[in-house]
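Notes follow once the structure below has been shown.
The values are calculated or read from the model by the stated rules, or taken from the named source; none is laboratory data. Predicted model only: the values in this text are computed from it and were never measured. For neighbour counting, all protein chains shown are included, and Cβ atoms are generated from backbone atoms with ideal geometry for every residue, glycine included. All accessible areas refer to the heavy atoms of the entire protein, side chains included, with ligands and DNA or RNA removed. Shrake-Rupley method; radii C 1.70, N 1.55, O 1.52, S 1.80 Å.
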Amino acid sequence: MNIQRSWYVLSRELKLSPRSPLVFFAIAMPLLITFLVSSVFGSLFDVSPKLAIVDLGDSQITAAATQLDGVETAIVSDAETLRQRVEAHDFDAGLVLPPGFDAAIAAGERPDLEFYVSGESLASTRIILAVTTVDLVRGIEGSEPPVTVVVTRVGDEDFVPISDRLLPTMVIYAVMVAAIFLPAASLVDEREKRTLDAVLVTPTRMSDVLVGKGTFAVVLAVILGFVTLALNGALAGQPGTMALILFIGSVMLMLMGLALGLWARDITTMYTAIKGGGIIIFLPVIFTLFPGLPQWIPKLVPTYYFLQPIYDIAVRGQSLGDVVPELLIAAAVCVALVPLVGWVARRSEHQLAMTV
Amino acid sequence: MTGSRIVAIMGKDFREFTRNRFFVFITLLVLVAYVAVFWFLPDSVDETVHIGVSNSVLSTDVGGVTESGTAGFALEIYSSEEELKTAVEEGQNDIVAGIAFPPDFLESAAAGETPTVRLLVPAGLPAEIQLLLEGAVSEIAFGFAGTPPPVDPITEAVVLGVDRAGNQISLQQQMRPLILILVLMVETFALSSLVAIEVQQRTAVAVLATPVRVVDFLAAKGIFGVGLALSEVVLLGLLIGAFAVNAPAVLMILLLGAVLVTGFGMIAGSYGRDFMGTLLVAMLFMIPLMIPAFGALFPGSSPTWVKALPTYGLVQAIIRVTVDGDSWSQIAPSLLLLAMWGVAAFIVGAFILRRRVATL
C-alpha cells in the first residue's frame, strides 16, 4: 500500500462527491431519519390526551388547563369548530366554557357543562380527561381536597423513554449509509463502468483504492454520526469519546461495505444484499427499542459493540471507562474483518485481471 | 399497437426481472417478512387503565368508581401495601400504578381529617395517568366527605362521530393498508430500475429497431409495471386478509394504485442515469408519496398539504373500505381522486419516457 496513491484516490472521491447522488443520499438520509424518528415516531409511541377549550368568558380553567403536564390543551375560537375537530379526532375531547361559568361555580351552582368526546378516543383517555376536567373545576370552586396525595416512585429507576430508545436507530442509519452503502456502491459502480480497470493499470494497487475509498467513507460516516448525535442533543458532554466510538463503528461498517462491494456481481445484487442483510445490522436497535426482549441476542451482532457504548454514554450517563470492554470487542471485529477484505480484494483483482 | 409485440416485450421484461435469482429470493423474503410482521402486531386495543388498590375503601360506589372499576379504568385489589408495591414493580395483572389507602382512611375521612393516600408510581408512568390517579383519589375523598362534583363530564359527555369505545381499531388493522401501500411504493423503484436499465443499456433502441413502435414499447412497460405491482400487492393482500371486506372495491383501489405507481416508476426510470441516480429519483417520489400512509397512523384529520399528495385518495379509499367497511358510493370521491391522479401520472410518465427514448 502506498499512502500517496491512496491520497490520490481519496482526493478523487472528494472531488466527485458533490456530483454523486449517493453522497447526497448519504447526507440527506440521516437528516430525514432524524426528523421522522424524533418528530413522527416519537409522538406515535408517546401520545398524550388532547383537550380543546372554547372559552367564552375568560375562565381561569383555560389558564390552568394549559399548564397541565400530561394533557395537550389547545384553545379553539368557537364551539362549531371545536365540535368538528373533536369529531375528526383532532382532539380527544372538547370543553365549551360559557360566560360566567367561573362565577356560577364559585356561587355553588351546578351549571350545564358542554363536554364533547371524540368517538375514536380511547375509554381510558375519556376518563382521564373527564377526571382532569372535574379537578380543574374543583380548583375554581376553591374547595381543598380532603385528602393528601403523596407520590412514591417504585420499581426500575433505569426506565428510558421511547424517544431516547430511538437514538441508536438514528445513529445506525447515519453511519450505515455512509460507511457501508457508499464504498460498496462506489466499488460496484467502478467495476461496472470499468473505471477500476483503468485505475489498476496505473501503479495504483487495489489496496490503495480500498484505503482511499474507505477513508472517505469513514470520514463522512463519523461526521454524519456526530451531526446526528448533536441534532438529538446526545453528545452527553463527551464529544471526543463519541467521535472515537463513531470512528470504530464506522471502520467496522466500512470494512463490511468494502467486502460487499468487492463481492457483489452488480449493483442490484449489492442493493439486494443490503436489503436482506440489513436486518442483522439493525438487530441491536430492535432490542434497544424493546428492552423486554432477551438482551443476550444482540450481543451476537458486531454492531452492538459500538451502538451500545453510544447509548450507554448518551442515555445512561456512562463514561469512556465504562464502555471500554465493548469498544475492545468492536476493535477486535475490525481487525478480524481486515483479512476477509484482503481475501475478497485478491479474488476480485484476480477476476478483473481475467476480464481485462 | 400490436398485441403480440406488446406481449413479446413484456416477456422480455419478465425474464429480465426473474433472471437475478438472488433478487427474486430477497423480494419474496421481504414479502414473507411483511406478512410475519403483520401477524405479530396486536389485533386488539386495551383501552383500560389497570390500577392496583390496597386497603380498598371502594366496597361501595363512590363517585361512580367501585371495586369493579368503571369504563376505561379497572381496579385490582390487594390486601396490603407491600403486596401492591410488589405488583406495581412487577407489572402484575397489567397494573400501571397503585393507590395505597391507609388502614384508617374511612375513619379519618368521616372525622373530617385529611388522611394521606400514597400513589405507587413506576418510573416512566405517563403524566396523564398520574393526573387521573390524583384526580380519582381526590374525588373518592370528596365522595366520602359528601361533596359531589360541581360538574359531571362522565355522564354529560356528548360523543361525536362513530363511538368506538370497546371496539377500537387495532394496530394490525391500522397497519394493513399501510403495508399494502408500502409494497406498492417499493414497486415504483422496481419498475423504474427496469426502465432505467432499458434506457442506460440502450436496449430500447435495439427494440425499436424492430417492427415494434414506441406506442407498443410504452404500452408494454405500462402493462408490465401495473401487472408487477398489482400481482405483488394482491398476493400480500390475500396473505394479510385485506380482501375480507368488499374484495372488488379493494381490488379496484389496488389496481388504480398500481397505475399510479407505474406512472411514477416510468418518470423515475426515465431520469435515472445509473442505479444510484434511479434510486435517488425514485426515493424523491416515494418519500412524499408515503406521507399520507404514515399520516393515517395518527389520530385526527390530515393537513391540507397532505390531502394534495397523489396517494391521499389511495390511502383514504383503502382505509375506508378495510377499516370502516365503507361501500362503493361512500368511497367514490376518494376513488375518483385516485383515478385522476393515476391517469395523470401514467400519461405524464409515458410522455416523459417517450421523449427519453426518442433522444437515445
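Couple of notes before you dig in:
- Within the range A:96-113, the presence of a residue that is more than 8 Å from chain B (Cβ to nearest Cβ), outside any helix (DSSP H, G or I) and within 34 Å of the chain's Cα centre (by Cα) is excluded.
- Considering B:237, B:161, B:241, the condition of being modelled with pLDDT of 80 or more, of a type outside the set (A, V, I, L, M, F, W, C), farther than 30 Å from residue B:4 by Cα and not assigned by TED's automatic domain parsing to the domain that holds residue B:283 is satisfied by B:161 alone.
- Candidates A:310, A:280: the one that is assigned by TED's automatic domain parsing to the domain that holds residue A:235 and surrounded by fewer than 16 Cβ atoms within 10 Å (Cβ to Cβ) is A:280.
- Contact annotation: residue pairs with Cβ atoms under 6 Å, 6 or more positions apart or on different chains, pairing a residue in the range A:333-347 that is more than 21 Å from residue A:196 (Cα to Cα) with a partner that is surrounded by 15 or more Cβ atoms within 10 Å (Cβ to Cβ), are A:333/A:252; A:333/A:302; A:334/A:251; A:334/A:252; A:337/A:255.
- Tabulated pairs, the range B:337-360, first over 15 Å from residue B:267 (Cβ atoms), second among the aromatic types (Phe, Trp, Tyr) and in a helix (DSSP H, G or I), C-beta under 8 angstrom, 6+ apart or interchain: B:337/B:312
- Options B:123, B:74; residue that is surrounded by 15 or more Cβ atoms within 10 Å (Cβ to Cβ) and either more than 7 Å from every other protein chain (Cβ to nearest Cβ) or among the hydrophobic types (A, V, I, L, M, F, W, C) (or both): B:74
- Check on residue B:51, at pLDDT 80 or above and open to solvent by less than 40 Å² (accessible area, probe 1.4 Å): yes
- Inclusion of residue B:255 among residues that are out of contact with any Gly (no Cβ under 6 Å at 6 or more places or on another chain), within 11 Å of chain A (Cβ to nearest Cβ) and of a type in the set (A, V, I, L, M, F, W, C) is not warranted.
- Scope the range A:300-356; condition assigned to a helix (DSSP H, G or I) and small (Gly, Ala, Ser); matching residues: A:314, A:321, A:330, A:331, A:332, A:336, A:342, A:345, A:348, A:353
- Test set (1) more than 14 Å from every other protein chain (Cβ to nearest Cβ); (2) open to solvent by 50 Å² or more (accessible area, probe 1.4 Å); (3) assigned to a helix (DSSP H, G or I) - residue A:164 fails condition number: (1)
- Residue match in the range A:227-247 (condition: open to solvent by 20 Å² or more (accessible area, probe 1.4 Å), within 16 Å of the chain's Cα centre (by Cα) and without any contact (Cβ under 8 Å) to a residue 60 or more places away in the chain): yes
- Inside the range A:65-88, residues that are open to solvent by 20 Å² or more (accessible area, probe 1.4 Å) and at positive phi make up a count of 0.
- Verdict on residue B:199 being in the same structural domain as residue B:312 (by TED's automatic domain parsing), closer than 21 Å to residue B:293 by Cα and part of a helix (DSSP H, G or I): no
- Pairing residues of the range B:93-108 that are within 19 Å of residue B:126 (Cβ to Cβ) with residues that are in a loop (DSSP other than H, G, I, E, B) and open to solvent by 50 Å² or more (accessible area, probe 1.4 Å), at Cβ distances under 8 Å and at least 6 apart in sequence or on separate chains, gives B:94/B:46.
- Enumeration of residues in the range B:99-119 that are at the interface with another protein chain (Cβ under 8 Å from one of its Cβ atoms), open to solvent by less than 40 Å² (accessible area, probe 1.4 Å) and either closer than 21 Å to residue A:129 by Cα or charged (D, E, K, R) (or both): B:119
- Of all residues in the range B:101-148, those that are of a type outside the set (Asp, Glu) and closer than 13 Å to residue A:146 by Cα total 24.
- Boolean, residue A:321 is loosely packed, with under 12 Cβ neighbours inside 10 Å, at pLDDT 85 or above and farther than 16 Å from residue A:258 by Cα: yes
- Residue in the range B:156-177 that is open to solvent by 10 Å² or more (accessible area, probe 1.4 Å), among the aliphatic types (A, V, I, L, M), assigned to a loop (DSSP other than H, G, I, E, B) and closer than 29 Å to residue B:235 by Cβ present: yes
- Residues satisfying the stated conditions in the range A:283-304, i.e. surrounded by 14 or more Cβ atoms within 10 Å (Cβ to Cβ) and in contact (Cβ under 8 Å) with a residue 24 or more places away in the chain: A:284, A:285, A:288, A:289, A:302, A:303
- Condition met for residue A:91 (more than 43 Å from the chain's Cα centre (by Cα), surrounded by 19 or more Cβ atoms within 10 Å (Cβ to Cβ) and more than 7 Å from chain B (Cβ to nearest Cβ)): no
- One residue stands out in the range A:94-113 among those that are aliphatic (A, V, I, L, M) and either open to solvent by less than 10 Å² (accessible area, probe 1.4 Å) or touching a residue at least 40 places away in the same chain (Cβ under 8 Å) (or both): the one that is nearest to residue B:165 (Cα to Cα), namely A:95.
- Residue, modelled with the lowest pLDDT, within the range A:114-152, restricted to residues that are outside any strand (DSSP E or B) and among the polar types (S, T, N, Q): A:143
- Any hit, the range B:136-152, residues being within 11 Å of chain A (Cβ to nearest Cβ), closer than 30 Å to residue B:230 by Cβ, surrounded by fewer than 18 Cβ atoms within 10 Å (Cβ to Cβ) and not small (Gly, Ala, Ser): no
- Those residues of the range A:114-141 which are of a type in the set (D, E, K, R) and open to solvent by less than 20 Å² (accessible area, probe 1.4 Å), in sequence order: A:138
- Residues located in the range A:184-226, provided they are surrounded by fewer than 18 Cβ atoms within 10 Å (Cβ to Cβ) and among the basic types (Lys, Arg): A:193, A:194, A:205
- Qualifying positions in the range A:50-71 - over 14 Å from residue B:300 (Cα atoms), under 30 Å from the mean Cα position of the chain (by Cα) and without any contact (Cβ under 8 Å) to a residue 60 or more places away in the chain: A:66, A:67, A:69, A:70
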